[in-house]
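What follows is a single structure, written as structure tokens, with notes after it.
The values are calculated or read from the model by the stated rules, or taken from the named source; none is laboratory data. None of the values given here were measured: they were computed from a predicted structure. Every residue, glycine as well, gets a Cβ built from its backbone with ideal geometry; the counts of neighbours run over all protein chains shown. Ligands, DNA and RNA are excluded from the accessible area calculation, which covers all protein heavy atoms including side chains. Shrake-Rupley method; radii C 1.70, N 1.55, O 1.52, S 1.80 Å.
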Amino acid sequence: MKAFGESLALANEQLKILNDNSTTFPHFDDKYKLTGEDALTAGKVEILQVNVGKMCNQVCKHCHVDAGPDRKEIMTKETMQYCLDVLQKTAIAKVDLTGGAPEMNPNFKWFVDEIKKLDRHVMVRSNLTILQANGFEDYADFMAKHNVEIISSLPYYKASFTDKQRGDGVFDKSIAAIKKLNELGYGKDNTALTLDLVYNPVGAFLPPSQHQLEQDYKRELLRNFGIVFNNLYTITNMPISRFLDYLIESGNYESYMQKLIDSFNPSAALNVMCKFTLSVGWDGALFDCDFNQMLEMNLNHGAPNHIRDFDITKLEQRRIITGQHCYGCTAGAGSSCGGATA
Ligand code: SF4
Ligand code: SF4
């Protein structure tokens, strides 16, 4: 959207729609009180989720980052070093690398190496096709050698739905990449190399049961392609960025929001990922989650908002900055980077 100069590429244009008072949608903060808590507040930071850049070799229709080959935002080595300093000073156990395609950051391997030297678990949100792109052929081996957990979107176990959302030919390339990862030991029960897949709906509806869908994926992918993986995460499409654009263009915005609100689940809301995850933008700015990052909703309420000013005590007591998009995390079985939350 940014490349085409579309107004919805701007965070404040998206927020204008989400906060439009002419609608009758209840404010998320009021609904959240159904959990029994007064306000959404963070606890112990268990995961540092780092967006190392918006550049990507794909241009998926639902991408909440609006990522693509034309995006130039990239995390510098200096900002990565701030992240490493934070890890050294804290007991944060996991680092979740996102993008764009995280592998496209020129310092990706160095960063993973340094995090592993600090003995932290590394997760990489790989889009799979990058592992077969020119110049990236050895990245799968690199990740296996460093025991990196790989989490990859595969919107469906059939080519047509996946290609519709992620682009022509993406499904076949993804299957080929999973085959290679399986050969390296990923996705198998008897190795420590974890490969998780992510489902998200190809349209304006909520995901089905994570458990049931995982069984379907495992059966179909094994039967049709001989490939295996560990866990399936179902993720609800957030009404922001390219998916918001789709909702408006297709006339589904109001009904989708109403569906999310009607499906508000207090148990899912109590486990939203912002309670235990802190998100770092490509430029080092801090956010409650990747979605707030894309909406440029910076931390406030007295919490430091840049990685260089990291203060674990303040961050672990911070009030989370919420908005109407938070309904996307709390509908039905809930949604997070680790799948359902209820
Ligand atoms: S692969 Fe991921 S980051 Fe890249 S365009 Fe698709 S959804 Fe966005
Ligand atoms: S959108 Fe972000 S801030 Fe809102 S509930 Fe989800 S994770 Fe938390």
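A compact table of results
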{"quantity": "Among 19, 182, 143 the positive-end extreme of the charge dipole of the chain (Cβ point charges)", "calculated": "182"}
{"quantity": "The stretch 184-342 pair-distance distribution - Cα-Cα, 10 Å bins, rounded %", "calculated": "10, 32, 31, 22, 4, 0"}
{"quantity": "Rh (Kirkwood; distinct C-alpha pairs) - the stretch 32-97, Å", "calculated": "14.8 Å"}
{"quantity": "Assigned charges on the beta-carbon of Lys, Arg, Asp, Glu; the chain dipole about Cα centre (debye)", "calculated": "500 debye"}
{"quantity": "The stretch 233-277-the stretch 119-198 distance, computed between alpha-carbon centres (Å)", "calculated": "26 Å"}
{"quantity": "Listed residue (115, 48, 100) projecting farthest to the positive dipole end of the stretch 1-133, Cβ model", "calculated": "115"}
{"quantity": "Principal axis dimensions, largest first and in whole angstrom, of the stretch 37-164 by Cα", "calculated": "45, 43, 28"}
{"quantity": "Cα extents of the stretch 118-188 along the three principal axes, largest first (Å)", "calculated": "41, 22, 20"}
{"quantity": "The chain: calculated mean residue ellipticity at 222 nm from DSSP helix runs of at least 4, using -39500 (n - 2.57)", "calculated": "-9500 deg cm²/dmol"}
{"quantity": "Ranked order, 259, 89, 109, 158 - accessible area, probe 1.4 Å, largest first", "calculated": "89, 158, 259, 109"}
{"quantity": "Range of Cα positions in the stretch 9-59 per principal axis (Å), largest first", "calculated": "41, 36, 16"}
{"quantity": "Accessible area in the full protein assembly, largest first, 1.4 Å probe, for 321, 178", "calculated": "321, 178"}
{"quantity": "Full-stretch length increase - residue 12, residue 132 - with 0.36 nm per residue and alpha-carbon distance subtracted", "calculated": "39.6 nm"}
{"quantity": "The stretch 86-239: mean projected area of Cα convex hull, nm²", "calculated": "10.0 nm²"}
{"quantity": "Helix runs (DSSP H) in the chain reaching 27 Å along axis by Cα, Kyte-Doolittle at least 0.5", "calculated": "none"}
{"quantity": "Rounded to the nearest 10 Å², the accessible area of residue 199 at probe 1.4 Å", "calculated": "10 Å²"}
{"quantity": "From the C-alpha gyration tensor of the stretch 228-301, square roots of 5λ in Å", "calculated": "23, 19, 15"}
{"quantity": "DSSP bridge orientation in the chain - percent antiparallel, rounded to nearest 5", "calculated": "20 percent"}
{"quantity": "Over the stretch 100-144, relative contact order from alpha-carbon pairs under 8 Å, at least 6 apart, %", "calculated": "40 percent"}
{"quantity": "Fraction of alpha-carbon pairs over 24 Å apart in the stretch 153-277 - percent", "calculated": "37 percent"}
{"quantity": "Residue among 324, 215, 81 with the largest mean-square fluctuation in a Gaussian network model of the chain, springs linking Cα atoms under 10 Å", "calculated": "215"}
{"quantity": "The chain: projected area of the alpha-carbon convex hull, averaged over directions, in nm²", "calculated": "16.2 nm²"}
